[in-house]
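Q: Dropping the structure in here first, questions after.
The values are calculated or read from the model by the stated rules, or taken from the named source; none is laboratory data. Not measured: the values here are computed from a predicted model. All Cβ positions, glycine included, derive from the backbone under ideal geometry; neighbour counts span all protein chains shown.
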2 protein chains.
Amino acid sequence: MTTNKAGKQQLSNAFDFDKGMTALDDDERALVERRKRILGTMGPLFYDRPVHIVRGQAAHLFDASGNDYLDCYNNVACVGHANPRVREAVNDQLGRQDTHSRYLQDEILDYGERLLHSFPDALDRVNFTNSGSESNDLALRMARVYTGHQGVVVTAHAYHGITSLVSSISPSFGTGVPLAPFLATVEVADVLTSKQPESQVRATLKQRFEDAFQKLHDGGFGVSAVLLDQIFSSDGILPGATGWVGDIAQAVHRAGGILIADEVQSGFARTGEAFWGFQRHHADADMVTTGKPMANGIPTGAVIYKHKIGEAFASCTRYFNTFGGNPVSMRAAGAVLDEIEERHLLSHAQKIGEELSAQLLQLLGGTPRFRGIRHAGLFLGIDIGSSDSTSSDPMAARAIISKLRDMFILISSSGPDGSTLKLRPPLVFSSSDVDRFMKACSTLVDEGYFG
Amino acid sequence: MTTNKAGKQQLSNAFDFDKGMTALDDDERALVERRKRILGTMGPLFYDRPVHIVRGQAAHLFDASGNDYLDCYNNVACVGHANPRVREAVNDQLGRQDTHSRYLQDEILDYGERLLHSFPDALDRVNFTNSGSESNDLALRMARVYTGHQGVVVTAHAYHGITSLVSSISPSFGTGVPLAPFLATVEVADVLTSKQPESQVRATLKQRFEDAFQKLHDGGFGVSAVLLDQIFSSDGILPGATGWVGDIAQAVHRAGGILIADEVQSGFARTGEAFWGFQRHHADADMVTTGKPMANGIPTGAVIYKHKIGEAFASCTRYFNTFGGNPVSMRAAGAVLDEIEERHLLSHAQKIGEELSAQLLQLLGGTPRFRGIRHAGLFLGIDIGSSDSTSSDPMAARAIISKLRDMFILISSSGPDGSTLKLRPPLVFSSSDVDRFMKACSTLVDEGYFG
């Protein structure tokens, strides 16, 4: 990320609407100008030369000229772009009906029951939404009603979504979005990327969260919830030292609050070892939020929770989400579970992630700009540094991302300053996809992109 | 609505999860118990005997036994349940791709351009979301950044959605959801249902809003926005005295704020006279929010705005909504516009609404419990009173709704106490649908439901 004068953080590989036009050819410029006229510039666009997508299949996207882009970035189409099974399920349901949950319907119950089976028994109720943002917003509303407290704790560079509430607890937006007074943040990246022994890592993190709880108590807010992305994507992709989130769950319970596991990025088999990220940490999560990959692109989200939390909420208000749990979203989400199960995508993510990580370490391990690689399943982060590797280098990361784009390979970056390459492909990413990606990386090494 | 001890407002025709089980037969009870086990009781369910929907067509829904319910309530499936054109568009797009707006894509631009054409020239930019709630939440965030003020004004019984922010400015939830300190509310129903001359109605309302602005200025909040549902559904369905919203637009501009037209219920040809509700009021809206009927059930929403508001927002932050404007939602939304245009559903809504309203007035006008009927296009409200018509009677309204449900006709209620019958059928509601509904109402009159 880079920060401009107004405190606005830019995506590190964002197109620059002010200065970027001159680098485009006539067709590209016409398309971007058209976009500016219709959508303005609030919404970010990837790359100095934005990619124009018209078609997809498995882990591949295609532009209007037929170029085949290897998708190493998009987790929404987790069971593959244009997945036939999702398509068939949606088409079948649209021939039936697509109304709301104030009528009894089988689809929401069939899928809801199935989704709950993927969780520990204590997480026994689900409410559906349309996005990860709506899920996190609702989870915080429920946590506050249940605990009677207001304070929220997140990591120092967290991103939890775009509603008014969740953007105000998402430091990754930069100072352009004022943080809520009831927020306390905890730096975790330094410890989780350190070489300290695991017991020390866990003790340090526990102490930092307890300090944050104390700060919220002192401020009169109390502690309603710790909300944690279970792969810590915007903090730099931090899968390591599993178990520490479990310590935080115990600590927040003692502080009168609950643990909300944000599984919008880490859920649905992504991290390979377990279906949900918090399970890798053996954490007693009280609520879980999901979104992105849930229905392969049909807007769908959910909040899964211990029933007593929902009962407290139901005693003072109702929650009706018009589109939440609509039959089309439920059928699409069901098809995603079918695909994950029948194609063994959990173990596949584990295996391919391991393969990719090992090959990248072998190729890049000795290069000057390489500062480290971390992964869980098919979620990988590679830290890019200055030419002597003494500091992080977001511009070098951006150069790598741009060069890969020109080679028809899509990745992006993450972390506080955007210097961590982010690989998070569809779960159907294959061994031959790994080969193609490695070949491209090898070319980049030869051309000096890694120093 | 009824209010329980905790201040929770119930939908007036909600199923009672505590007391309602005994009235159900074995199959119904098993299904509701299953729902409780999976979804809990946060989400409301309609009717003492909930309806189990499995299929739909045009303005008809069908249960598992094949009973044909006439749908006089659901606006989401505005171009009809299981609309073949929407189905075909979605199926086609799912065979292509369904990724996000950080790549260039034709679908979002084609639909966005088309949507903007339905607005006055000044409303020249659009951002897509997944729901009316996300739209209103974003609109308020944008209004605050643009104006630099925090205060919000809504009507006394407004409903604007379910995020933390918009639920805190939705008095219709009752005291179980605390209202925001920066909120001022204005009672409009008494004046808009009065027999006062239009000029007096307009002058009174303008004064009340100016008082609200003053209150917010005095409180140090300033005025960021007036947010108004353009049919005032939860205030009792108040289409009358067109033009007064235009006065409020002028007044809020003078107070340093903007007007946001909430068209989640009133938009997309619903009100018959104009495509958007605010156009009936000749109001200079600065932003417009949409949701429910936009894509016939595929989760889709939008914020349409004057470009300078978006530029102010873009200068301090970005707005990226993962699913917002996804190609499948855009294609579904395009098919909805195709249907509205080619089947002339705007004039159809006007004509059928007039027909229905006139026949209802003729049938019910002389009955003891009838207290008034109001409509714009296919959005009708009928006030139900006590047996001598001297006061409103939500229980009598509930009895009518329940009796109609037993006759396989779906309606609901609205207004501060739930005593206003709410008719808001799919736009494809036909003359023969009107006949069936009127025949049922005639039976209810004969059986004494209207006194």
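Q: Within the range A:61-92, can you find the residues that are free of Cβ contacts under 8 Å to residues at least 40 places away in the same chain and in contact with a Leu (Cβ under 6 Å, 6 or more places away or on another chain)?
A: Of all residues in the range A:61-92, those free of Cβ contacts under 8 Å to residues at least 40 places away in the same chain come to A:62-66, A:82, A:84, A:87, A:91.
Residue satisfying the conditions is A:87 alone.
Q: Consider the range B:64-87. How many of its residues are more than 9 Å from chain A (Cβ to nearest Cβ) and over 25 Å from the mean Cα position of the chain (by Cα)?
A: If we filter the range B:64-87 for residues that are more than 9 Å from chain A (Cβ to nearest Cβ), which is where we start, we get B:65-70, B:72-73, B:75, B:78-80, B:85.
Restricting the remaining residues to those that are over 25 Å from the mean Cα position of the chain (by Cα) gives B:65-67.
Result for the range B:64-87: 3.
Q: Can I ask one more? Taking residue A:290, is it in contact with a Pro (Cβ under 8 Å, 6 or more places away or on another chain) and within 13 Å of residue A:135 (Cβ to Cβ)?
A: Working: in contact with a Pro (Cβ under 8 Å, 6 or more places away or on another chain): no; within 13 Å of residue A:135 (Cβ to Cβ): yes.
Answer is no for this residue.
Q: Kindly list the number of the only condition in (1) under 29 Å from residue A:167 (Cβ atoms); (2) without any contact (Cβ under 8 Å) to a residue 40 or more places away in the chain; (3) among the aromatic types (Phe, Trp, Tyr) that fails for residue A:103.
A: Residue A:103 satisfies all of (1) under 29 Å from residue A:167 (Cβ atoms); (2) without any contact (Cβ under 8 Å) to a residue 40 or more places away in the chain; (3) among the aromatic types (Phe, Trp, Tyr) except (1).
Q: Restricting to the range A:136-165, and then to whatever is away from chain B (no Cβ under 11 Å) and of a type in the set (Ser, Thr, Tyr), can you tell me which residue is surrounded by the most Cβ atoms within 10 Å (Cβ to Cβ)?
A: So, considering only residues that are away from chain B (no Cβ under 11 Å) and of a type in the set (Ser, Thr, Tyr), the one surrounded by the most Cβ atoms within 10 Å (Cβ to Cβ) is A:155.
Q: Shifting gears a bit: Which one of these does residue B:28 not meet: (1) surrounded by fewer than 21 Cβ atoms within 10 Å (Cβ to Cβ); (2) free of Cβ contacts under 8 Å to residues at least 12 places away in the same chain?
A: (2)
Q: Mind telling me which of the residues B:315, B:234 ends up being surrounded by fewer than 22 Cβ atoms within 10 Å (Cβ to Cβ) and within 14 Å of another protein chain (Cβ to nearest Cβ)? Steps first, please.
A: Numbers: B:234 fails: surrounded by fewer than 22 Cβ atoms within 10 Å (Cβ to Cβ).
Result of the check over B:315, B:234: B:315.
Q: Taking the range A:19-49 as the region of interest, how many residues are farther than 22 Å from residue A:411 by Cβ, in a loop (DSSP other than H, G, I, E, B), within 11 Å of chain B (Cβ to nearest Cβ) and not hydrophobic (A, V, I, L, M, F, W, C)? Steps first, please.
A: Our first condition is that a residue be farther than 22 Å from residue A:411 by Cβ; within the range A:19-49, this holds for A:19, A:21-22, A:25-27, A:29-31, A:33-42.
Then keep just the ones that are in a loop (DSSP other than H, G, I, E, B); that gives A:19, A:25, A:40-42.
Of the ones still in play, those that are also within 11 Å of chain B (Cβ to nearest Cβ) are A:40-42.
Filter once more, keeping what is not hydrophobic (A, V, I, L, M, F, W, C): A:40-41.
So the count comes out to 2.
Q: Any residue at all in the range B:104-127 that is more than 24 Å from residue A:33 (Cα to Cα) and facing chain A (nearest Cβ under 7 Å)? Don't jump to the end; show me each part of the working.
A: Taking the range B:104-127 as the starting set, the residues that turn out to be more than 24 Å from residue A:33 (Cα to Cα) are none.
Checked the range B:104-127: no residue is more than 24 Å from residue A:33 (Cα to Cα) and facing chain A (nearest Cβ under 7 Å).
Q: Among the residues in the range A:369-376, are any of a type in the set (Phe, Trp, Tyr), touching an Asp or Glu at 6+ places or on another chain (Cβ under 9 Å) and crowded, with 21+ Cβ neighbours inside 10 Å? Give the steps one after another, and end with the answer.
A: Step one: of the range A:369-376, the residues of a type in the set (Phe, Trp, Tyr) are A:370.
Right, trim to touching an Asp or Glu at 6+ places or on another chain (Cβ under 9 Å) and you get A:370.
Pick out the ones that are also crowded, with 21+ Cβ neighbours inside 10 Å and you get none.
The answer is no; no qualifying residue exists.
Q: Output yes when any residue across the range B:86-104 is out of contact with any Cys (no Cβ under 6 Å at 6 or more places or on another chain), among the aliphatic types (A, V, I, L, M) and within 25 Å of residue B:305 (Cα to Cα), and no when none is.
A: yes
So that you can scan it fast, the table gives a plain yes or no per residue for (1) under 24 Å from residue B:375 (Cα atoms); (2) touching a residue at least 40 places away in the same chain (Cβ under 8 Å):
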position	(1), (2)
B:269	yes, yes
B:281	yes, yes
B:315	no, no
B:333	no, yes
B:337	yes, yes
B:349	yes, yes
B:362	yes, no
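Q: Please verify whether the range B:214-225 includes one or more residues that are modelled with pLDDT under 95 and surrounded by fewer than 18 Cβ atoms within 10 Å (Cβ to Cβ). Spell out the reasoning first.
A: First, pick out the residues of the range B:214-225 that are modelled with pLDDT under 95: none.
No, every residue in the range B:214-225 fails to be modelled with pLDDT under 95 and surrounded by fewer than 18 Cβ atoms within 10 Å (Cβ to Cβ).
Q: Same structure, new question: Taking residue A:236, is it in contact with a helix residue (DSSP H, G or I) (Cβ under 7 Å, 6 or more places away or on another chain) and modelled with pLDDT under 95? Please lay out each step first, then the result.
A: Values: in contact with a helix residue (DSSP H, G or I) (Cβ under 7 Å, 6 or more places away or on another chain): yes; modelled with pLDDT under 95: no.
In short, no.
Q: Within the range B:50-95, which residues are under 25 Å from residue B:324 (Cβ atoms) and surrounded by fewer than 20 Cβ atoms within 10 Å (Cβ to Cβ)?
A: Hits for the range B:50-95 are B:85, B:88, B:91, B:92, B:95.
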